[in-house]
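One structure, as structure tokens, below. Some questions next.
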Amino acid sequence: MQTEETTPGLGRPASAIDARARALRLGLTVKIVGISGISIALVALILALSFGREVEKLLQEELTTRGRMAALALANTSANLVFELDLSGLQSLAAATLADVPGAAYVVLRDDRGEALADAAEESLGRERAPATPVADLDLGSRFLQRSVTVADREMLHVVALITFKGRSE
């Protein structure tokens with residue numbers, strides 16, 4: 001007959017205690033690895049969110065700069081066409097600007113009363129355009145105005161650039 005060794009005072013076999021101790025050590029290791037894994041995942045999530053926000057800000061700045069430069073270039077190149085009221089030339093210029101500027105949704109050239117002289121837009125916008133900016137809202141000391149508008153249920157950056165005429169003596 002076999003007898004199992006017992007630890008004094010506990011009344012359990014020694015092999016059962018050794019197995020339980022191994023299970024506790026494994027459980028502690030698993031706990032430490034689990035806590036470390038959760039900590040690493042949390043730090044990675046925070047870094048990913050922070051990186052995403054920074055990329056979004058940089059893309060917004062890039063879009064703003066691109067829109068401002070396109071509007072100013074269009075204002076500078078269309079001055080003679082507006083002065084001569086060359087509507088077909090203005091329409092061609094608006095279509096070319098829309099095609100050449102990535103991210104542009106629409107291009108509208110307006111006169112001093114806010115009437116559209118020429119426009120070009122993505123097909124998804126249909127005939128919907130941002131309303132004309134009142135002259136009173138424009139800072140005449142600045143060459144452009146930018147704001148966010150909603151057109152066809154999409155939020156867009158709206159950039160207005162003034163066409164200026166200068167005489168030869170200026």
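The values are calculated or read from the model by the stated rules, or taken from the named source; none is laboratory data. What you are looking at is a predicted structure, and each value in this text was computed from that prediction instead of being measured. Virtual Cβ from ideal backbone geometry, glycine too; neighbours counted across all protein chains shown. Each accessible area value is taken on the protein alone, full model and side chains, heavy atoms only, with ligands, DNA and RNA left out. Shrake-Rupley method; radii C 1.70, N 1.55, O 1.52, S 1.80 Å.
From the list ASP100, ASP119, ASP112, which one is open to solvent by less than 40 Å² (accessible area, probe 1.4 Å) and over 13 Å from VAL159 (Cα atoms)?
From the options ASP100, ASP119, ASP112, the qualifying one is ASP119.
Quick one: in the stretch 141-162, of everything that is open to solvent by less than 50 Å² (accessible area, probe 1.4 Å) and over 22 Å from the mean Cα position of the chain (by Cα), which residue is nearest to ASP111 (Cα to Cα)?
LEU162
Evaluate the following for ARG53: is it surrounded by 13 or more Cβ atoms within 10 Å (Cβ to Cβ), in a helix (DSSP H, G or I) and within 14 Å of the chain's Cα centre (by Cα)?
no
A further question follows. Does VAL107 count as open to solvent by less than 20 Å² (accessible area, probe 1.4 Å) and among the β-branched types (Val, Ile, Thr)?
For VAL107, the condition - open to solvent by less than 20 Å² (accessible area, probe 1.4 Å) and among the β-branched types (Val, Ile, Thr) - is met.
Also, quick follow-up: Select from the stretch 25-38 the residues that are open to solvent by 60 Å² or more (accessible area, probe 1.4 Å) and not charged (D, E, K, R) and write down the one among them that is modelled with the lowest pLDDT.
Result: LEU26.
Within the stretch 56-83, can you find the residues that are open to solvent by 40 Å² or more (accessible area, probe 1.4 Å) and within 12 Å of the chain's Cα centre (by Cα)?
Listed by number, the residues that qualify are GLU56, LYS57, LEU58, LEU59, GLN60, GLU61, GLU62, LEU63.
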